[in-house]
Amino acid sequence: MAYHHDNYLIVRVDNQSNVNIIDNNSCISNISLSTLSSSSTSLDQKNPESTDSSSELIEAIRQELKSWIDTLGVQSAEAQNLKEPITCHTRFIQGSFRQNSPFKHKDFIYFLVQYNSNSNQLKNDSLNTHSNQQTLQLTANGLIRVGFRNLFLQRGEKLVNVERCFSVLDFFVTRQRQGWGKLLIDAVLRDQSITINNCAFDRPTPVMLSFLGKHFNLATPRKQHNRFVIYDGFFA
């Protein structure tokens, strides 16, 4: 099945509220931002007006972050039959840096964001002219939360301490069988310059394990005492 993602952005945010737009298949350059800026240029970083538009888009995304994190966090918890969300805005922003800890967690959330630009023609009666005003709508349809953890993992007969282990901590898309989940994970792997075999997965559900087997050929999960899962090739 072929998937079309021309109207999607991958957005990365860290727990210091830094927002970055990950260019997926150059789709960013197709967004018109006339509602966010007086200029309707594309996001060309070489163009000063476009840079202003990019900043406005990022600010618009930042204003949605709390709602996106809390809403998708609750939906993820419900899908996993958890009593409370793994991911919420307060914990993500305020609770990821633990006091009296030798290792400070810096987590990231990647969002799959759909954008729709609707053009409305407005009439200026005094000038008897028409102008086009575009409305940009942003909707988060999925998230994946990742971070680095110090983990004790089983390697053969030994329990070894793996420092700065790249870990998938939460993962959810609002609709399955759309290609969204693979799109998100592929974007994370590219952005972090890591392979799927070097990831540890925190408490993956049977659905998640099946997804990893189908799309990434991860067939034999190695369940750990701390409820993380790793796969063959992790220690390679």
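Take the residues of the stretch 165-176 that are in a strand (DSSP E or B) and either touching a residue at least 40 places away in the same chain (Cβ under 8 Å) or among the acidic types (Asp, Glu) (or both): which is farthest from ARG91 (Cα to Cα)?
The residue in question is VAL173.
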Problem set entry | Test set (1) farther than 22 Å from THR71 by Cβ; (2) in contact with a Leu (Cβ under 7 Å, 6 or more places away or on another chain); (3) in contact (Cβ under 8 Å) with a residue 40 or more places away in the chain - VAL146 fails condition number | (1)
Seminar exercise, completed: Within the stretch 149-162, the residues that are free of Cβ contacts under 8 Å to residues at least 60 places away in the same chain, in a strand (DSSP E or B) and among the charged types (D, E, K, R) are ARG149, LYS158
Exercise. Taking the stretch 72-88 as the region of interest, how many residues are outside any loop (DSSP other than H, G, I, E, B), surrounded by 18 or more Cβ atoms within 10 Å (Cβ to Cβ) and not small (Gly, Ala, Ser)?
Worked result: 1
Exercise. Got a number for residues in the stretch 178-195 being exposed (fewer than 15 other Cβ atoms within 10 Å of the Cβ) and outside any helix (DSSP H, G or I)?
Worked result: 3
Exercise. Can you tell me which residue in the stretch 196-229 is surrounded by the fewest Cβ atoms within 10 Å (Cβ to Cβ), limited to those that are in a loop (DSSP other than H, G, I, E, B) and free of Cβ contacts under 8 Å to residues at least 24 places away in the same chain?
Worked result: THR220
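Each value in this text was obtained by applying a stated rule to the coordinates, not by laboratory testing. Predicted, not measured: the structure shown is a model, and the values here were computed from it. Note that each Cβ is placed from the backbone with ideal geometry, even for glycine, and that neighbours are counted across all protein chains shown.
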